Amino acid sequence: MPRLPASFRCGAARSRACLCRFGAAGALVGALAACVDLSPRYERPAAPVPAAYPQEAAAAASDDGAEPGWSRYFTDPQLQALIRIALANNRDLRIAALHTQEARAAYAIQRADQWPTIAVGAQAARARTPGDLNVSGQPVVGGDNEAYVGISSWELDLWGRVRNLKQSALQDYLATEAAQHGVRVSLIAQLADGYLQLRELDERLTLTRQTIDSRQESFRIFKRRYEVGAISKLDLTQVETLLNQAQSLSAQLEQARASQAHALQQLAGTTIELAPSERGFDDGAVLAGLPPGLPSSLLTRRPDLMAAEHRLRAAHANVGAARAAFFPRIALTGTWGTASAELDGLFDSGSRAWTFVPTLALPIFDGGRRRAGLDLAEVRRDLAVADYEKTVQTAFREVSDALSARRWLAEQVRIQRETLAAQAERARLARLRYDNGASPYLEVLDAQRDLLSAQQALVQTRRALLSSEVALYAALGGGATDDPSARSAAEAAP
C-alpha cells in the first residue's frame, strides 16, 4: 500500500492536535457558560382539590397508589385479545407515536445547539490579474490553497439562553410522550367499554329471542283457541301485539349490535371476528378489583397531568430564554490550518494559518421586541399554570364521578334484581288469573311487557356498573405505562 508524503502525515498530526485544543477550549468555555440560569425557580403548583375524594366515595378509597396493568385488570380473554390487536393496529395510537418521535427529533436538534460545530474543510483557487491592475504592469497568475479545521459561530451560553431552549424542547418532548400514553389509556378504555356494550347487546338479544320463542308459542296456542271459538279476537290481537313488540325490539338490538361491532373494528384498526355470544357474561369475570388511592397519587399516574406539568416546566424554561435575550450574545468563529500559494507547499514549514473572530451583539433599540418577548413568555407560563390546575380539577372530578357511579350503580343493580323478581311473579300471577277467568288478558299483556322491560333494564344497569369500573380505571391513569405487554405491543407497531 503506498505511503502518504511526509508533509501530509505531518499535516494530519497537526489537525489532530488542533482538534484536541478546540475540544479542551470548548469544554472550558462550556463549564464557564453553565454558571448562570435566568429561568424562574420551578415549584409544582398546589393541587386545587381536597386531600380526599367526596364522603360518599371515601369508603372505597385507600392509600394504595398502585394500579394494575391492563392485562391484569381486564381478565376477560376475548377482551385482552382485542386490546392487543388495537395496540398494534390503531391509527390514533400510531399517530401519537409518530408525534412523539417528531418531538424527540426536535429536542435533539435543539440540544445540538449547545455544542460547537467543528468542521474540516479545504479549498483551492487560481486567479489571473490583468497588467493594468498591477503596479508592475504585467499580468499575474496566482493561487491560494488552504486546509483547515474550525468552529463556526458558536454561541457562548453565558446567560443560559441555549440551555433553557434545550430544556423547553426536552419538556415538550416529555409532554408529547405523556400524551401518547394518554392516547393509549383512552384507547384501552374505549375498547373495553365498547366490548362491554357489545356483550350487553348480545345478552339482551338472547333474552329477546327467548321471549320471541315463548310468545310465538303462545300466539300459536291462542290462534288455535280462536279458531275453535274459545277466545275472542281481542285476546288474539293482544297476544300478537306482545309478539310484535318483542320482534321489533330484536330488530332494534340487531341494528345497534352491528353499529357497535363496526365501532370496535375501527378502534382495533383491522378486521376482527366478533361472533355473537349466546350466554350472559359473568360480571366478576371481566374486571379485577381496583383501589382508587388518594388524589395526590394522580399527579404521577395520569398521563394528562404529567403532560400538563411538562408543559409548565417548558414555559418556565422559555421565560429564562426570554430573560437572557436582554444580555449580550457572544459567539466564536475560528479556524486553524495551513495555506500556501502552491499545492505542494501546503504542509511545508511556515504554512500554518489561523483565524479567530469573536463577535458580541447587544441590540440598543429594538422597538420593545425583547420586552414583549419576555411578557409573552410570562403570560404563557401563567396560562400553563392555569391549564395544569384545571387539568388537576378535571382529573379529581372524573375519579369522583366514577366512584359515585360505581357505588350507586351497584345499588341500582340490586334494586333492578328485586324488580325483575317482582315482575316475574306478577306475570305468573296475571297468567293464572287469566287462565281462571278472574281477569282480562290485558292484565297479562301489561305484566309481560313490564317483565321484558325489567329484564332489559337489569342487563343495561349491570353493563353500566362495569363501564363505571372502566371509567375509574382510566380516570386513575389506566396503568398502561406500567404494563410490559402494552409497551411491547405499541413498540412493535409499524
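The values are calculated or read from the model by the stated rules, or taken from the named source; none is laboratory data. Computed from a prediction, not measured in an experiment: that's the story for all the values here. Glycine also receives a Cβ, built like all others from the backbone with ideal geometry; neighbour counts cover every protein chain displayed. What goes into the accessible areas is simple: the full protein's heavy atoms, side chains included, and nothing from ligands, DNA or RNA. Shrake-Rupley method; radii C 1.70, N 1.55, O 1.52, S 1.80 Å.
Of everything listed in (1) in contact with a Gly (Cβ under 8 Å, 6 or more places away or on another chain); (2) open to solvent by less than 60 Å² (accessible area, probe 1.4 Å); (3) among the aromatic types (F, W, Y), the single unmet condition for Y107 is (1). Looking at R381, is it within 30 Å of A331 (Cα to Cα) and open to solvent by less than 60 Å² (accessible area, probe 1.4 Å)? Against the criterion (within 30 Å of A331 (Cα to Cα) and open to solvent by less than 60 Å² (accessible area, probe 1.4 Å)), R381 qualifies. Going by the conditions given, is L249 assigned to a helix (DSSP H, G or I), touching a residue at least 40 places away in the same chain (Cβ under 8 Å) and either touching a His at 6+ places or on another chain (Cβ under 7 Å) or open to solvent by less than 10 Å² (accessible area, probe 1.4 Å) (or both)? When the stated conditions are applied, L249 does not pass them. Going residue by residue through segment 115-135, is there one that turns out to be in contact with a Gly (Cβ under 6 Å, 6 or more places away or on another chain), in a loop (DSSP other than H, G, I, E, B), over 30 Å from T335 (Cβ atoms) and without any contact (Cβ under 8 Å) to a residue 24 or more places away in the chain? No, that holds for no residue.
Determine if segment 436-443 includes at least one residue that is among the aliphatic types (A, V, I, L, M) and open to solvent by 80 Å² or more (accessible area, probe 1.4 Å). Within segment 436-443 (the criterion being among the aliphatic types (A, V, I, L, M) and open to solvent by 80 Å² or more (accessible area, probe 1.4 Å)), the answer is yes, since at least one residue qualifies. Against the criterion of being among the hydroxyl-bearing types (S, T, Y), touching a residue at least 12 places away in the same chain (Cβ under 8 Å) and at negative phi, Y226 does not qualify.
Among residues that are modelled with pLDDT of 95 or more and either in a helix (DSSP H, G or I) or in contact with a Ser or Thr (Cβ under 8 Å, 6 or more places away or on another chain) (or both), L376 is included.
Residues that are touching a strand residue (DSSP E or B) at 6+ places or on another chain (Cβ under 8 Å), at pLDDT 90 or above and open to solvent by less than 90 Å² (accessible area, probe 1.4 Å) do not occur anywhere in segment 120-139. Does A66 qualify as being open to solvent by 30 Å² or more (accessible area, probe 1.4 Å), modelled with pLDDT of 50 or more and not acidic (D, E)? Judged against the criteria, A66 is a match.
Quick check on Q416: is it open to solvent by 70 Å² or more (accessible area, probe 1.4 Å), over 30 Å from A127 (Cα atoms) and of a type in the set (S, T, N, Q)? Judged against the criteria, Q416 is not a match.
The residues listed here are I212, I231, I221, I188; of these, the one that is open to solvent by less than 80 Å² (accessible area, probe 1.4 Å), over 30 Å from G477 (Cβ atoms) and touching a Phe, Trp or Tyr at 6+ places or on another chain (Cβ under 9 Å) is I231. Just one of the listed residues (T419, T335, T355, T359) is over 39 Å from the mean Cα position of the chain (by Cα), farther than 30 Å from T117 by Cα and β-branched (V, I, T), and it is T419. One residue alone among A430, A424, A438 is in contact (Cβ under 8 Å) with a residue 24 or more places away in the chain and among the aliphatic types (A, V, I, L, M), and that residue is A424.
Here Q138 meets each of (1) under 25 Å from R329 (Cβ atoms); (2) part of a loop (DSSP other than H, G, I, E, B) with one exception, condition (1).
Screening A275, A263 for residues that are in a loop (DSSP other than H, G, I, E, B), within 16 Å of L79 (Cα to Cα), of a type in the set (A, V, I, L, M, F, W, C) and open to solvent by 20 Å² or more (accessible area, probe 1.4 Å) leaves exactly one candidate, A275. Looking only at residues in segment 321-352 that are assigned to a loop (DSSP other than H, G, I, E, B) and of a type in the set (D, E), which one is most open to solvent (accessible area, probe 1.4 Å)? In this case the residue turns out to be E342.
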